[in-house]
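Worksheet: one structure, shown below.
The values are calculated or read from the model by the stated rules, or taken from the named source; none is laboratory data. Because the structure is predicted, anything quoted here is derived from the model rather than measured. Here Cβ is always computed from backbone atoms with ideal geometry, including for glycine, and neighbour counts include all displayed protein chains. Heads up: the accessible areas ignore ligands, DNA and RNA and are worked out on the full protein's heavy atoms, side chains in. Shrake-Rupley method; radii C 1.70, N 1.55, O 1.52, S 1.80 Å.
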Amino acid sequence: MKKSLLSKQVIQNFFEGKTTRMQNILIEEWLENPANRELYFQWLDEWETENPQFTPDVEQAYQRSLFTVQDNTGLPSLDHAAADTPVRTNRDILSGRRFAFKWVAAASVALIMGAYLLSDFWLYKQYETGYGEIRTVVLPDSSRVTLNANSVLSVPRFGFGGGTREVRLQGEAEFAVKHTVEHSKFIVRTPDKLEVKVLGTEFIVYSRERGSKVVLSQGSVQLRSLKELNPKPMLMKPGDVATMSMQGTLTLKHSESLSAHQAWKQRLFMFENTPVSEIAYQISEHFGVNVVVADSTLARRTIGGTFNANDPANVLKVLSDVLNARVTHSPPVDDRTETFVLDTNHL
């Protein structure tokens with residue numbers, strides 16, 4: 001694609017919902033190139049700085065562009081054609097309509113595929129961490145978020161801080177939410193429909209395949225399980241740990257020791273009478289490796305202690321010494337995940 005087709009001005013018009021149907025399709029194709037995506041976000045940052053008060057109605061802009069594609073075929077109306085419009089034969093009209101139909105169908109499909117672009121790719125800025133990585137980001141309202149490994153935080157590009165501050169989290173993160181003069185609420189939403197609402201406080205949210213968890217350090221937190229038909233808010237106090245099952249049931253425990261829940265920030269695993277099966281799960285989750293406990297008796301054993309969380313092999317080596325067990329390592333082959341097998345020592 002020629003770069004001249006997508007100038008900086010065209011992209012800025014797209015931010016304001018002023019692009020044409022053809023330009024929307026060209027933008028979607030242009031964004032398939034990672035280098036162009038980097039340039040796109042550079043221009044977006046510049047445009048946001050120049051237009052701090054501009055909050056476009058993105059949904060309306062999208063519907064308008066979709067209507068333009070579906071309603072305007074590019075053919076003049078026969079009832080309202082100008083007097084000097086050249087007379088076309090039926091064959092010409094049919095040929096034009098076939099071409100227009102094919103173009104409109106293709107454009108409609110492209111715009112439907114581009115719905116993701118308009119709903120997530122454009123609307124949300126994502127902060128991600130890989131396996132074994134920890135990252136801290138500062139949000140536009142000065143709130144601080146520390147992401148644990150293998151996590152994604154999605155923050156709206158437009159409207160964040162205006163009345164309500166709302167983010168999405170998949171994985172685990174500690175939030176230090178800044179209280180605003182307007183007392184605007186800060187809401188964290190997870191893929192399994194847990195809603196965490198605060199004004200200004202410090203807490204940890206965990207949300208992965210096996211459920212969600214909230215650990216409250218300071219302030220107060222209100223939870224709701226939106227999986228329930230009539231969700232009732234649950235209030236938390238400092239020292240509380242709330243869990244939500246895969247079915248959406250909330251459970252609250254008071255006066256819990258929070259150290260084990262917070263240890264990951266110092267790149268540590270801290271276990272307190274923790275089953276070996278749970279330890280294996282946490283190692284797999286943090287490093288993206290497959291940890292198998294081959295012996296069922298060994299899997300049920302519980303241990304306590306603090307372990308450095310820098311490398312899965314080192315963690316399992318120390319763990320095997322404590323348990324008097326052995327570790328077998330299978331390196332990754334092709335697309336297979338790196339595997340560690342923890343088994344009882346056989347004399």
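The figures follow:
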{"item": "Solvent-accessible surface (1.4 angstrom probe) belonging to PHE160, in square angstrom, nearest 10", "result": "40 Å²"}
{"item": "Protein-only accessible surface order, largest first, of LEU298, LEU258 at 1.4 Å", "result": "LEU258, LEU298"}
{"item": "Subset of LYS178/LYS253; LYS213/LYS237; LYS227/LYS265 violating a 20 Å alpha-carbon distance limit", "result": "LYS178/LYS253; LYS227/LYS265"}
{"item": "With DNA, RNA and ligands ignored, accessible area of LEU226 (1.4 Å probe; Å², nearest 10)", "result": "60 Å²"}
{"item": "Estimated FRET transfer efficiency when R0 is 30 angstrom, pair SER255-VAL152 (beta carbons, to 0.05)", "result": "0.40"}
{"item": "Area of GLU256 that stays accessible when all protein chains are in place (1.4 Å probe, Å², to 10)", "result": "70 Å²"}
{"item": "Burial ranking of peptide ranges 35-48, 132-145 (average Cβ count within 10 Å, highest at the top)", "result": "132-145, 35-48"}
{"item": "Accessible-area ranking of HIS286, HIS261, HIS254, largest first, probe 1.4 Å", "result": "HIS254, HIS261, HIS286"}
{"item": "Where the Cα pairs of the range 181-339 fall when distances are cut into 5 Å bins, in %", "result": "2, 8, 16, 17, 16, 14, 12, 8, 5, 2, 1, 0"}
{"item": "Shape call, the range 189-228: gyration tensor on alpha carbons, a/c limit 1.5", "result": "oblate"}
{"item": "Distance between modelled label sites at LYS18 and ARG300, nm, 7 Å Cα→Cβ extension", "result": "7.1 nm"}
{"item": "Summed side-chain charge close to ASP192 - residues other than ASP192 whose Cβ falls under 15 Å, Lys, Arg +1, Asp, Glu -1", "result": "+4"}
{"item": "Probe 1.4 Å, all protein chains present, accessible-area order of GLU209, GLU29, GLU174, largest first", "result": "GLU209, GLU29, GLU174"}
